[in-house]
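Asker: Below: one structure in structure tokens.
The values are calculated or read from the model by the stated rules, or taken from the named source; none is laboratory data. Fair warning: this is a prediction, and the values are worked out from it, not measured in the lab. Positions of Cβ are generated from backbone atoms using ideal geometry, with glycine treated the same way; all protein chains shown enter the neighbour counts.
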Amino acid sequence: MLRIICPYCGLRDQTEFRFGGESKPRRPSDPAALSDTEWAGYLFYRENPRGLLNERWVHSYGCGQWFELVRDTVTHELKRSAPLVDLPGPHQVSDD
């Protein structure tokens with residue numbers, strides 16, 4: 001089990017959190033303009049890299065806040081946990 005540091009509540013068990021996906025890709029500004037293939041690419045295809053990955057998590061059984069977590073996908077070592085301070089729209093995060 002992972003022990004995740006919520007930037008608002010501190011160290012907690014993984015069972016209190018829900019995974020929200022990679023921090024990128026950003027939601028298209030005009031989804032209606034995308035072809036079906038482009039839309040499917042945004043929805044379903046991810047890089048799935050070995051190594052560091054920026055992820056979104058929500059502390060669903062705690063404060064309810066979304067935050068970004070940098071996790072090593074090979075070792076599951078957690079490198080950084082930080083609040084999402086710039087959410088321009090649903091499921092979008094800043095490039096920071």
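Each row is one residue, and each column tells you yes or no for (1) in contact with a strand residue (DSSP E or B) (Cβ under 6 Å, 6 or more places away or on another chain); (2) acidic (Asp, Glu).
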| site | (1), (2) |
| --- | --- |
| ARG3 | yes, no |
| ARG18 | yes, no |
| SER23 | yes, no |
| ARG27 | no, no |
| ASP30 | no, yes |
| SER35 | no, no |
| GLU38 | no, yes |
| TYR42 | no, no |
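Asker: Pull out all pairs, ordered by first then second residue, where Cβ-Cβ is under 6 Å, the residues are six or more apart or on different chains, the first lies in the stretch 10-24 and is under 12 Å from VAL58 (Cβ atoms), and the second is small (Gly, Ala, Ser) and assigned to a loop (DSSP other than H, G, I, E, B).
Answerer: GLU16/GLY62; ARG18/SER60
Asker: Select from the stretch 80-96 the residues that are under 19 Å from CYS6 (Cα atoms), surrounded by fewer than 12 Cβ atoms within 10 Å (Cβ to Cβ) and not aliphatic (A, V, I, L, M) and write down the one among them that is modelled with the lowest pLDDT.
Answerer: The extreme case among them is ASP96.
Asker: Since LEU43 meets every condition but one in (1) surrounded by fewer than 14 Cβ atoms within 10 Å (Cβ to Cβ); (2) assigned to a loop (DSSP other than H, G, I, E, B); (3) among the hydrophobic types (A, V, I, L, M, F, W, C); (4) at pLDDT below 90, which condition does it not meet?
Answerer: Of the numbered conditions (1) surrounded by fewer than 14 Cβ atoms within 10 Å (Cβ to Cβ); (2) assigned to a loop (DSSP other than H, G, I, E, B); (3) among the hydrophobic types (A, V, I, L, M, F, W, C); (4) at pLDDT below 90, the odd one out for LEU43 is (2).
Asker: Hey, another quick one. Suppose we filter the stretch 47-78 for residues that are more than 19 Å from CYS9 (Cβ to Cβ) and loosely packed, with under 13 Cβ neighbours inside 10 Å; how many remain?
Answerer: The first filter runs over the stretch 47-78 and keeps only residues more than 19 Å from CYS9 (Cβ to Cβ), leaving 47-54, 72-77.
Cutting the leftovers down to loosely packed, with under 13 Cβ neighbours inside 10 Å gives us 47-51, 74-77.
Of the residues in that region, 9 qualify.
Asker: Hey, could you check the stretch 23-34 for residues that are within 26 Å of PRO49 (Cα to Cα) and in a loop (DSSP other than H, G, I, E, B) and say which is farthest from the chain's Cα centre (by Cα)?
Answerer: Filtering the stretch 23-34 for residues that are within 26 Å of PRO49 (Cα to Cα) and in a loop (DSSP other than H, G, I, E, B), the one farthest from the chain's Cα centre (by Cα) comes out as LEU34.
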